[in-house]
1. Check the straight Cα-Cα distances from Lys170 and name the aspartates and glutamates below 13 Å, setting aside those fewer than 8 residues away within the same chain.
2. At 7 Å along Cα-to-Cβ for each site, give me the label-to-label distance between Gln184 and Ile130 in nm.
3. Rounded to the nearest 0.05, what FRET efficiency do Lys256 and Ala141 give with R0 = 51 Å and r taken as the Cβ-Cβ distance? Could you check?
4. Given H placed 1.01 Å from N in the peptide plane, which residues other than close sequence neighbours of Asn183 have an amide H under 5 Å from its amide H?
5. What FRET efficiency would be calculated for the residue pair Arg109, Lys239, taking the C-beta separation as r and a Förster radius of 22 Å, to the nearest 0.05?
6. For segment 84-114, list residues with backbone N below 16 Å from a point placed 7 Å from the Cα of Lys270 toward its Cβ?
7. If r is the Cβ-Cβ distance from Ser160 to Gln83 and R0 is 30 Å, what FRET efficiency results, to the nearest 0.05?
8. Peptides 106-113, 28-35: what's the order by average Cβ count within 10 Å, highest mean first?
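A short reminder: the numbers here are calculations on the coordinates, not readings from a lab. All figures in this text were calculated on a predicted structure; none of them were measured in a lab. With ideal geometry, Cβ positions are generated from the backbone for all residues, glycine too; neighbour counts draw on all protein chains shown.
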Amino acid sequence: MTKHLLILIVAASVSIVGIGQARPVEKAIVKMKMEMEFPQNPGGPGGPGGGEGDRMVMMGGPGGMESTMTTYYRGDFTKIESQSDFGNNIVIVDHKQKKTTTLIEAMGRKTGFYSTEEDNQAMQARMDSIRKIRRDSMEKAGIPVSAGPRKPEIEYTQESKKIAGYTCKKAIVKTRDQRGEINQTIVWYCPEFKVPQTPTGGSGGGMLGRGMMSMGIGGLEQIDGFPMEYQIERNNGMKIHMLVTSVKLDASIDDKIFEIPKGYDIKPMKDMQNGEGRVIMRMGGGERN
């Protein structure tokens, strides 16, 4: 084997090993903007996550909204601050204590709720039961129904573009809804870094698990990198476009950032649920049942 051939083989091996190995980042501040158009029936089939019975927070009016968000990641804590014309939203997650606090300021009111791991498990059990009842009803009506949720499939491509100064790659996330129909979401991600505890799921994620940044996109946590942009279009009319505008890695973040601010009327999540166990709130119009 010649020396030049050996060098090429070694270089290729290093390149292959380097693929899909994003650097874990414990501290980061990420700014983004989001545009959303709401469906007429957000809680019905094909909701934001493409499923049924998903819980969510309605943050705007009947048509849609634009918002800017700042996310703080530091060790056992995640915080998202969201600002829009309809009001301000704060979500603080204590991953160690497995507790999520959601705060909403709108129309001169400061309200909020908190959820624990037990709350999330109970809600998930209720949602599973509701989905089973709906699946049974659809089967009796002769409507094709998928066997159950499948692990999202991710198709990686070689396309790339710059976002917030980072070279990002394109991935296509494929998920199936309850009818078995495939939903595709294009995600641009940065393969250079990844935040270990992101607001796309996991214990203690609360509302973050199915909302805010990921809006119920399954599979984001499987991507070996950080989601920088995505766009969703669902058959029910739901449209979401998220774009990261700046990233500050290894940032210095003070403890006060994750403190619960005073002046909010905060209740347990169970007190904010309707009969089906959903937490549905409208920023400008109070609670919606």
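1. Here the aspartates and glutamates satisfying the reach criterion relative to Lys170 are Glu155, Glu159, Asp224, Glu229.
2. Distance between the two pseudo-spin positions: 3.1 nm.
3. Computed FRET efficiency for Lys256 and Ala141: 0.40.
4. Thr175, Arg176, Asp177
5. Calculated value: 0.20.
6. 100, 113-114
7. Efficiency for this residue pair is about 0.45.
8. The peptides rank, most packed first, as 28-35, 106-113.
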